[in-house]
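Peer 1: Structure in C-alpha cells, see below.
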Amino acid sequence: MLLPISHATWQQLRVLSRAKGKPVLGSVIRYSPTRFTKTGEFLDELVSEGLIERAERKPVAGSEPEQFRAKYTLTEKGKHAAEYGEYERARTPQTAG
C-alpha cells in the first residue's frame with residue numbers, strides 16, 4: 001500500500017537527502033523545534049517505519065535526549081519517500097472485535 005508522508009516528515013527526510021549519504025545528527029534533523037519533536041520520539045518512529053536507520057550505535061556525548069545525539073542515514077525506502085513524498089508499506093488488516 002502506498003502511503004503519503006506529512007510535510008514535516010518530508011522536510012526531515014530532505015535534511016538527510018541533502019547530506020548525500022553522510023550521517024546526520026538527530027538534532028539537525030529536528031529542523032523545527034515544536035512540542036511534537038522535543039523528545040526525539042519522531043526519530044524512533046522514522047526508524048520503526050524503515051525510513052531512516054542509525055549510522056552509529058554509540059551516541060555523541062551531551063545532555064540532549066539520546067535520539068538527538070545519535071547519527072542517522074536514509075534507507076532506500078527513505079530515499080524514495082524524500083524524493084516522491086510517499087513510500088510503500090505492507091497493509092496490516094485490522095481484526096474486528
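Peer 1: Go over the candidates 17, 27 one by one and state the one that is among the hydroxyl-bearing types (Ser, Thr, Tyr), surrounded by 14 or more Cβ atoms within 10 Å (Cβ to Cβ), touching a residue at least 12 places away in the same chain (Cβ under 8 Å) and under 14 Å from residue 74 (Cα atoms).
Peer 2: 17
Peer 1: Another question, if that's okay. Please go through the range 46-72 and pick out each residue that is closer than 18 Å to residue 6 by Cβ and either assigned to a loop (DSSP other than H, G, I, E, B) or modelled with pLDDT under 85 (or both).
Peer 2: 49, 50, 51
Peer 1: Pick from the range 16-45 the residues that are in contact with a Lys or Arg (Cβ under 9 Å, 6 or more places away or on another chain) and assigned to a helix (DSSP H, G or I): which of them is farthest from residue 67 (Cα to Cα)?
Peer 2: Only one residue tops the list, namely 17.
Peer 1: Out of all the residues in the range 1-57, which are closer than 21 Å to residue 86 by Cβ and β-branched (Val, Ile, Thr)?
Peer 2: If the condition is that a residue be closer than 21 Å to residue 86 by Cβ and β-branched (Val, Ile, Thr), then 5, 9, 15, 29, 47, 52 are the ones that fit.
Peer 1: With the requirement that a residue be closer than 18 Å to residue 10 by Cα and without any contact (Cβ under 8 Å) to a residue 12 or more places away in the chain, what does the range 48-74 give you?
Peer 2: 48
Peer 1: Of all residues being out of contact with any Pro (no Cβ under 7 Å at 6 or more places or on another chain) and buried (at least 19 other Cβ atoms within 10 Å of the Cβ) in the range 62-74, which is farthest from residue 43 (Cα to Cα)? Just the residue, please.
Peer 2: Step by step, filter the range 62-74, then rank; the result is 74.
Peer 1: Related question: Tell me, which residue of the range 75-93 that is acidic (Asp, Glu) and surrounded by 12 or more Cβ atoms within 10 Å (Cβ to Cβ) is nearest to residue 1 (Cα to Cα)?
Peer 2: 86
The values are calculated or read from the model by the stated rules, or taken from the named source; none is laboratory data. Owing to the predicted nature of the structure, the values given are computational and were not obtained by experimental measurement. In this analysis, Cβ positions are derived from the backbone assuming ideal geometry, glycine residues included, and neighbour counts consider all displayed protein chains.
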